[in-house]
Amino acid sequence: NEMASIQKMMNADKKISEQLTPEEAKDLDKILAEYGTTLKNVDSHSSAALYSLVATKAVPCPQNEVKMYEIELLKTALKNKKTVSGLEKVDEQTYAISQAYDLKESILQLKQGNQYAVAVQKMAEAFKNEDLKQLDQLIKDPKFMNKRQEKLVLTDRNRNWAEKMPEIMKKQSSFFAVGSGHLWGDNGLINLLKSKGYTVKPVSNL
């Protein structure tokens, strides 16, 4: 069902070209050439799917060689016959992203081009150094995420998750894997759990 939701998320009821002026469509086609595609190829895509192209510039290695922490953790959990669940459905994540990054916003992000690659390198270093504060500042750079987008993509979802986590933890020992952007700040999961009375301790590699 989740895979079907992802496929549904990729498509839109109205073509991208129908939502743009001829000049805007021409400009977008030029931008998309830098991402190895054309407007014709993605014309039926949703704004969320268009926004996802940003990742192809951000990650400096071939797409078929990309490994994701969440997939590796999932494989490990399944191998060890652990129960796997989620804090939200694909539809909920897609809704948040589509509300935060509509067509015009997605195009603006695509225009950032190589700035994403530079930012991701810095984010990776901050992540490896376990510097959550620096990582948080990089993720919430106004170039990539304004306050409204931060609320939709991070804050609102964090609060929803923080409400669900206690019930899950009451039942059994649990391991939660979330994106690093969800951890730090007043509205980050660490602080939200502390505000509920939980003791939150870092597990450091140092």
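The values are calculated or read from the model by the stated rules, or taken from the named source; none is laboratory data. The structure displayed is predicted, hence computed values, not measured ones. Positions of Cβ are backbone-derived with ideal geometry, glycine not excepted, and every protein chain shown enters the neighbour counts. Calculation scope for accessible area: heavy atoms of the full protein, side chains included, ligands and nucleic acids excluded. Shrake-Rupley method; radii C 1.70, N 1.55, O 1.52, S 1.80 Å.
Could you figure out which of (1) surrounded by fewer than 16 Cβ atoms within 10 Å (Cβ to Cβ); (2) part of a helix (DSSP H, G or I) isn't true of residue 83?
Of the numbered conditions (1) surrounded by fewer than 16 Cβ atoms within 10 Å (Cβ to Cβ); (2) part of a helix (DSSP H, G or I), the odd one out for residue 83 is (2).
In segment 1-40, how many are open to solvent by 80 Å² or more (accessible area, probe 1.4 Å), within 22 Å of residue 116 (Cβ to Cβ) and in contact with a helix residue (DSSP H, G or I) (Cβ under 8 Å, 6 or more places away or on another chain)? Walk me through how you get there before you give the answer.
Keep residues of segment 1-40 that are open to solvent by 80 Å² or more (accessible area, probe 1.4 Å), which gives 1, 3, 7-8, 11, 13-15, 18-19, 22-23, 26, 30, 34, 40.
From what is left, the residues that are within 22 Å of residue 116 (Cβ to Cβ) are 30, 34.
Adding the requirement that they be in contact with a helix residue (DSSP H, G or I) (Cβ under 8 Å, 6 or more places away or on another chain) leaves 34.
Summing the residues that are open to solvent by 80 Å² or more (accessible area, probe 1.4 Å), within 22 Å of residue 116 (Cβ to Cβ) and in contact with a helix residue (DSSP H, G or I) (Cβ under 8 Å, 6 or more places away or on another chain) in segment 1-40 gives 1.
Being of a type in the set (A, V, I, L, M, F, W, C), assigned to a helix (DSSP H, G or I) and out of contact with any helix residue (DSSP H, G or I) (no Cβ under 9 Å at 6 or more places or on another chain) is the filter here, so list the residues in segment 41-72 that pass it.
Step one: list which residues in segment 41-72 are of a type in the set (A, V, I, L, M, F, W, C), which gives 42, 48-50, 53-55, 58-59, 61, 66, 68, 71.
Going one step further and asking which of them are assigned to a helix (DSSP H, G or I), we end up with 42, 48-50, 54-55, 58, 71.
The answer is 71, and nothing else.
Taking only pairs six or more apart or across chains, which ones have beta-carbon atoms under 6 Å, a first residue in segment 156-182 that is over 18 Å from residue 202 (Cα atoms), and a second residue that is of a type in the set (Gly, Ala, Ser) and not in a helix (DSSP H, G or I)?
Every condition considered, the pairs that remain are 168/174.
Failed condition for residue 178, given (1) of a type outside the set (Ser, Thr, Tyr); (2) in a helix (DSSP H, G or I); (3) open to solvent by 20 Å² or more (accessible area, probe 1.4 Å), with all others met?
All conditions pass for residue 178, except number (2).
To keep it simple, each residue is scored yes or no on (1) of a type in the set (A, V, I, L, M); (2) more than 15 Å from residue 90 (Cα to Cα).
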position: 3; (1), (2): yes, no
position: 6; (1), (2): yes, no
position: 22; (1), (2): no, yes
position: 31; (1), (2): yes, yes
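Give segment 1-50 a look and list any residue that's of a type in the set (Gly, Ala, Ser) and without any contact (Cβ under 8 Å) to a residue 12 or more places away in the chain, or say none.
Within segment 1-50, the subset of a type in the set (Gly, Ala, Ser) is 4-5, 12, 17, 25, 33, 36, 44, 46-49.
Correct list: 4, 33.
Could you list, in sequence order, the residues of segment 121-140 that are surrounded by fewer than 17 Cβ atoms within 10 Å (Cβ to Cβ) and either closer than 20 Å to residue 151 by Cβ or not acidic (Asp, Glu) (or both)? First the steps, then the outcome.
Applying the first criterion (surrounded by fewer than 17 Cβ atoms within 10 Å (Cβ to Cβ)) to segment 121-140 yields 121-122, 124-125, 127-131, 133-134, 137.
Listed by number, the residues that qualify are 121, 122, 124, 127, 128, 129, 133, 134, 137.
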